[in-house]
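Following: one structure in structure tokens, then a few remarks.
The values are calculated or read from the model by the stated rules, or taken from the named source; none is laboratory data. Computed from a predicted structure; not experimentally measured. Methodologically, a virtual Cβ is constructed for each residue, glycine included, from the backbone with ideal geometry; neighbour enumeration extends over all protein chains shown.
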Amino acid sequence: MSRSRFPIFAALASSCVALATACGGTQADTKPAASAAPTESERAAVAQPAQTESDANGAIERIDVNGDHKPDVFKFYRNVEIAGADPSAPKTVKRALVRKELDVNFDQRIDIVEFYEGEPGKEQKVKEEFDLDFDGRVDETRHYKDGNVTLIELDLGFDGKTDTWSYFQLTQNEEGKPVNRLVERRRDTNGDGAVDVWEYYTKGVIVKIGTDSNGDGTPDVFVRVDQKGAK
């Protein structure tokens, strides 16, 4: 039986709030516990929680968001040469974000990895990986295009095998506003690595379910679902 995902999401949510607060907000004053005097490197880490190492190819930025003198967020950049209007002038080197790694529960293991593509200042997230149960293994992968999710791959059994694929499509609602909706979900219900259930959605509401009854990899039995309540 697969483990409940509610406490996992709750842990991720609370940890992400802590990360966001530490990175961008103020923290309440607390009385520190008695401890040994901090070393010179620890004092430097407190004074400069974000530290960057650079070379000819790019840079790595390490950020300590909870003040324990250990990095929790890692940002990886590549160097990009930008030519100016004058071709004889030296090119300007700018950094483009390519990957971000986050330790959301501060156990020194990466829980979320974000991948980016694009030129400096125009980077867009193209993929995101989550370790939902903090066991060091990816349980959820999200794929993006132009800032919108196109596919979510899930390992609901937490056994290292993807068993659920959810496909999304950017469309318009009744008011003509853009909305990204679930259009199809495929599931592997017996863990053999092959899809055996297909769910089809209209306006984000399930309307039809197909199953593979003969094991040929395609749905051959369909059941209509009442659309009552669709929006």
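Does residue 91 fit the bill of being touching a Ser or Thr at 6+ places or on another chain (Cβ under 7 Å) and of a type in the set (D, E, K, R)? The answer is no for residue 91.
Among what's in the stretch 208-231 and is not in a loop (DSSP other than H, G, I, E, B) and not small (Gly, Ala, Ser), pick the residue that is nearest to residue 163 (Cα to Cα). Among those that are not in a loop (DSSP other than H, G, I, E, B) and not small (Gly, Ala, Ser), it is 211. Pairing residues of the stretch 53-66 that are in contact (Cβ under 8 Å) with a residue 40 or more places away in the chain with residues that are surrounded by 12 or more Cβ atoms within 10 Å (Cβ to Cβ) and of a type in the set (D, E, K, R), at Cβ distances under 8 Å and at least 6 apart in sequence or on separate chains, gives 58/78; 58/95; 63/72; 63/75; 65/72; 66/72.
Inspection of the stretch 168-177 finds a residue satisfying the criterion of being buried (at least 16 other Cβ atoms within 10 Å of the Cβ) and under 25 Å from the mean Cα position of the chain (by Cα).
Of all residue pairs spaced 6 or more apart or on separate chains, those with beta-carbon atoms under 8 Å, a first member in the stretch 98-123 that is exposed (fewer than 15 other Cβ atoms within 10 Å of the Cβ) and a second member that is assigned to a loop (DSSP other than H, G, I, E, B) are 107/134; 108/70; 109/103; 109/131; 109/134; 109/136; 117/123. Scanning the stretch 167-204 for residues that are under 21 Å from residue 156 (Cβ atoms) and of a type in the set (Val, Ile, Thr) gives 183, 189, 195, 197. Residue-level check: of (1) over 21 Å from residue 134 (Cβ atoms); (2) surrounded by 16 or more Cβ atoms within 10 Å (Cβ to Cβ), residue 64 misses just (1). Inspect all residues belonging to the stretch 54-72 and state whether any of them is part of a strand (DSSP E or B) and at pLDDT below 95. Yes: the stretch 54-72 contains one or more residues that are part of a strand (DSSP E or B) and at pLDDT below 95.
Results for (1) in contact with an Asp or Glu (Cβ under 9 Å, 6 or more places away or on another chain); (2) part of a loop (DSSP other than H, G, I, E, B); (3) in contact (Cβ under 8 Å) with a residue 40 or more places away in the chain, shown as yes or no for each residue.
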position	(1), (2), (3)
180	no, no, no
195	yes, yes, no
200	yes, no, no
206	yes, no, no
